[in-house]
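To start, the structure under review is shown below, and the notes come after it.
The values are calculated or read from the model by the stated rules, or taken from the named source; none is laboratory data. Just so it is clear, the structure is predicted and the values come from calculations on it, not from any experiment. All Cβ positions, glycine included, derive from the backbone under ideal geometry; neighbour counts span all protein chains shown.
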Amino acid sequence: MNAIEIRDLSKSFRGMYAVDHLHMTVPQGAIYGFIGENGSGKSTTEKLICGHLVPDGGEIRLFDRDYTDPGVRVRVGALIENAGCFPGSSVYRNLRMQTINLGLKDPEGEIRRVLEIVRMEEHANLKFKSCSLGMKQRIGIAMALLGDPALLILDEPINGLDTDGMRIMREILVDITKKYGCTVLISSHILGELEKIATHYGIIRQGRMIMEMSAAELEGRARVFTSLKTADMAGAGNALRARFANVREEGGYLRVYDVDDTTAIVDHLMRCGHAVSEIRKNKIGLEEYYVELMSGKEAE
Ligand SMILES: Nc1ncnc2c1ncn2[C@@H]1O[C@H](COP(=O)(O)OP(=O)(O)O)[C@@H](O)[C@H]1O
Ligand SMILES: [Mg+2]
């Protein structure tokens, strides 16, 4: 079963599409990295899923039910924009108020549970306003986790965090899916940070989904390339092009794509009279793949 299935979803503001006939499939149990530049429609899509905005058209299904179904709405937790906390109240107090809003049966147990998940047990008495940005984001996640949702929707929770904050956030997100079986939809324009945890990706541009794939598929698409330097770059470039299909000059290096055997490259250059002064084997990760997609090379 899929946690989210979206067909042909559209939303416009003043005649401009923010979300433009979008399709999206988020399998149950996934950490789905929803990736796109600023203004590409990530937050709008998330607000539509959460019912904060009304779509112009299209279909949203959550766990095989229409997203307006009250039975399924209670299974969705979200952190979009900010945690909606009272700054002068303690972390505990904010969570307690939310348990009242939600009418939870075992508020104390639930608060303990979510504080443990976000590693804030020891900070329950801090005033929200005295918390660091990283803590505030975690409190927002704790708020969203009250009531044990099956789907958690997070809007750029990693944005602006320091390295340590990012690491903790990553660990928390993995915990949420692994220990609690929750599906996580997480938007970001910081790719490197999602690459470590995402099991699936959706790349959005100008309100349209331009690519969806699993981490395994991305791995399969990842291309190797060897970058090297020689004294005569132009001559070596010609020699390489005569033998290998995909050779480019980039950033002062010659790049040979999709050739696994580096020795074959060096041998060929030697035979052509070019000594290699510097050589490195690389793999195109999500970041570069994304840049290529964004520049439209593979998008059409
Ligand atoms: N409430 C709104 N009123 C008018 N335009 C909006 C509103 N919300 C978003 N937009 C526009 O829709 C587009 C997508 O925005 P958004 O979903 O916030 O993108 P992202 O979250 O990917 O940065 C942008 O061009 C933005 O200016
Ligand atoms: Mg946004």
- [ ] Select, from Glu249, Glu292, Glu287, Glu298, the only residue that is of a type outside the set (S, T, N, Q), surrounded by 11 or more Cβ atoms within 10 Å (Cβ to Cβ), over 27 Å from the mean Cα position of the chain (by Cα) and at pLDDT below 95.
- [x] Glu249
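Among helices (runs of 4 or more DSSP H) lying entirely in region 64-131, which contain 1 or more residues that are of a type in the set (Asp, Glu) and buried (at least 20 other Cβ atoms within 10 Å of the Cβ)? Before you say what the answer is, go through the steps one by one.
On the way: elements: 70-73, 91-102, 107-117.
By residue number, 107-117.
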Open item on the list: Would you confirm, using the coordinates I've provided, whether Asn38 is within 27 Å of Ala142 (Cα to Cα) and in a loop (DSSP other than H, G, I, E, B)?
Closed with: yes
Open item on the list: Looking at region 27-66 only, could you name the residues that are modelled with pLDDT of 95 or more, acidic (Asp, Glu) and within 16 Å of ligand 1 (Cβ to nearest atom)?
Closed with: Glu46, Asp56
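Mind checking whether some residue in region 82-97 is closer than 17 Å to Cys182 by Cβ and in the same structural domain as Ser187 (by TED's automatic domain parsing)?
Scanning region 82-97 turns up no residue that is closer than 17 Å to Cys182 by Cβ and in the same structural domain as Ser187 (by TED's automatic domain parsing).
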Open item on the list: Tell me the residue from Ala215, Ala239 that is in contact with a Ser or Thr (Cβ under 7 Å, 6 or more places away or on another chain), free of Cβ contacts under 8 Å to residues at least 40 places away in the same chain and among the hydrophobic types (A, V, I, L, M, F, W, C), please.
Closed with: Ala215
TODO: Return yes when Val26 is under 18 Å from Leu152 (Cβ atoms), part of a strand (DSSP E or B) and in contact (Cβ under 8 Å) with a residue 40 or more places away in the chain and no when it is not.
DONE: yes
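How many residues are within 16 Å of ligand 2 (Cβ to nearest atom), among the hydrophobic types (A, V, I, L, M, F, W, C) and under 17 Å from Arg7 (Cβ atoms) when one looks only at region 24-52? If you could, list the steps in order and put the result at the bottom.
So in region 24-52, the residues within 16 Å of ligand 2 (Cβ to nearest atom) come out as 24, 32-50, 52.
Narrowing further to those that are among the hydrophobic types (A, V, I, L, M, F, W, C): 24, 34-35, 48-50.
Filter once more, keeping what is under 17 Å from Arg7 (Cβ atoms): 24, 34, 48-49.
Result for region 24-52: 4.
Tell me whether region 152-160 contains one or more residues that are within 16 Å of ligand 1 (Cβ to nearest atom), under 30 Å from Tyr253 (Cβ atoms) and aliphatic (A, V, I, L, M). Working first, answer last.
Taking region 152-160 and keeping what is within 16 Å of ligand 1 (Cβ to nearest atom), we get 153-160.
If we keep only those that are under 30 Å from Tyr253 (Cβ atoms) as well, we get none.
Within region 152-160, none of the residues are within 16 Å of ligand 1 (Cβ to nearest atom), under 30 Å from Tyr253 (Cβ atoms) and aliphatic (A, V, I, L, M).
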